[in-house]
């Protein structure tokens, strides 16, 4: 019997709620419609306006994906130097591979927000002129680049990505391409990959040795001509012997450098590079935002909930006014507050 009474009470309560909604139906419908139409109009106007003048233009995102691997102790010295250069605060957690995972990935994130990177992008694409920045040009240009370029590390795969979002798809792709090239150069300058630096040094040494051999051979040719003209003068012949020995020494040096260079190339080919580009940025064909349909749906849902809340609030106010006892208590409290 008690169960039936509870069911009746619950049924009456639901009927009361439905009655309130029905009583205020035009308020609910009207307010929801007004908010929905306003949101639709806002999105539509933003769509038809020129992108450079629109308050809600279509934007396009170009993304590049990279893999940055840990290389043991090869980069510890460079990281320490960068810590000192940057003041230590922003990079204090990078010196040891701590709980943050790959320290070089964290370094990549730091570079994305560094002033040198922001200034490089701003200068390359004339951000000050493009966005007509007059006051505080350097600071404001950095803010624009920060909003334009985003760096991210995927928690699951550890893949590092650089993305640029802009109303011009070609411009977004160019910005990311420049950022990728900047990262390649920056990581090489920091000396985080020892074998890359060693390869560059060997290439320079090979060029120097090769050029020296060519120079000595040219001198030898000149001396051959002099010997032929002088009939084999002793001083010239001695110089010729010295040149031949020098050429032989340089050829041995060149052969040793060449062997080291080829061995290093084999070693580098057998291991994955520390900084590896997986996907280069492309010109996006499809917009990445804004989702106007989603905005309209959210506006409709928000308007509906707001109107329902307002209906119950107004109904509660009416019920209080109709209740003589409740109104008397309200007036007493109002007078008491007024006296205070």
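The values are calculated or read from the model by the stated rules, or taken from the named source; none is laboratory data. Since this is a predicted model, take the numbers as computed values, not measurements. Here the Cβ positions follow ideal geometry from the backbone for every residue, glycine too, while neighbour counts run over all protein chains shown.
As for segment 56-77, it holds no residue that is surrounded by 12 or more Cβ atoms within 10 Å (Cβ to Cβ), modelled with pLDDT under 90 and on the phi > 0 side of the Ramachandran plot.
For segment 117-135, residues that are without any contact (Cβ under 8 Å) to a residue 12 or more places away in the chain and either surrounded by 17 or more Cβ atoms within 10 Å (Cβ to Cβ) or touching a helix residue (DSSP H, G or I) at 6+ places or on another chain (Cβ under 9 Å) (or both) total 4. Taking segment 260-299 on its own, how many of its residues are within 23 Å of the chain's Cα centre (by Cα), part of a loop (DSSP other than H, G, I, E, B) and closer than 30 Å to residue 202 by Cβ? Qualifying residue count for the region: 3.
Report yes if residue 172 is outside the structural domain of residue 252 (by TED's automatic domain parsing), part of a helix (DSSP H, G or I), at pLDDT 90 or above and touching a strand residue (DSSP E or B) at 6+ places or on another chain (Cβ under 7 Å), otherwise no. Yes: the conditions hold for residue 172. Among residues that are assigned to a helix (DSSP H, G or I), modelled with pLDDT under 85 and either on the phi > 0 side of the Ramachandran plot or assigned by TED's automatic domain parsing to the domain that holds residue 114 (or both), residue 178 is not included. Scanning for something in a helix (DSSP H, G or I), at pLDDT 90 or above and surrounded by 15 or more Cβ atoms within 10 Å (Cβ to Cβ), does segment 160-167 turn up at least one residue? Checking segment 160-167: not a single residue is in a helix (DSSP H, G or I), at pLDDT 90 or above and surrounded by 15 or more Cβ atoms within 10 Å (Cβ to Cβ). When residue 214 is tested against (1) in the same structural domain as residue 263 (by TED's automatic domain parsing); (2) surrounded by 17 or more Cβ atoms within 10 Å (Cβ to Cβ), only condition (2) is not met.
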